[in-house]
Amino acid sequence: MSLYVLDTDHLSLYQRGQETIKTHLLASYPDQPVITVVTAEEFIIGRLAQLHQAKTAEERFRAYGWFTAALNLLCGFTILPYEESYALYSWSSENYEVLL
């Protein structure tokens, strides 16, 4: 079975609506791609960093908006457990296609 695995950078571009990523995913992989638990962790850490850096009310509103959107986005993905995430890079490309 082949899976299409998004890394953190591409997940962020996907969330921001980057058309090349969305077009490629929809054309090549009509099923939802998957992410690793490490990608989910890095994605949340990035959004939390935005929250902690927000100084003004406007920046906090924007940061909480991105944080909420990130949580909602993650709920739509299958998240591979750590064991599979760890083993991912040692497995053959016949099993996974990693978008790096």
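The values are calculated or read from the model by the stated rules, or taken from the named source; none is laboratory data. This one's a predicted model, so the numbers in the text were calculated from it and none came from an experiment. Cβ coordinates were reconstructed from backbone atoms using ideal geometry, including for glycine residues, and neighbour counts include every protein chain displayed. For accessibility, only protein heavy atoms count, side chains too; no ligands or nucleic acids. Shrake-Rupley method; radii C 1.70, N 1.55, O 1.52, S 1.80 Å.
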- Note on the structure: Taking the range 1-16 and keeping only residues that are assigned to a loop (DSSP other than H, G, I, E, B) and at pLDDT below 80, one is left with MET1, SER2
- Message: So if I check each of THR39, THR20, THR68, which one is exposed (fewer than 10 other Cβ atoms within 10 Å of the Cβ), modelled with pLDDT of 80 or more and in a helix (DSSP H, G or I)?
- Response: THR20
- Long-range neighbours under 8 Å by Cβ, at least six apart or interchain, first residue at negative phi and among the hydrophobic types (A, V, I, L, M, F, W, C) within the range 50-73, second assigned to a loop (DSSP other than H, G, I, E, B) and at pLDDT 95 or above: ALA63/ALA54
- Message: I want to confirm something. Restricting to the range 50-65 and keeping residues that are of a type in the set (A, V, I, L, M) and in a helix (DSSP H, G or I), which single residue is most open to solvent (accessible area, probe 1.4 Å)?
- Response: ALA57
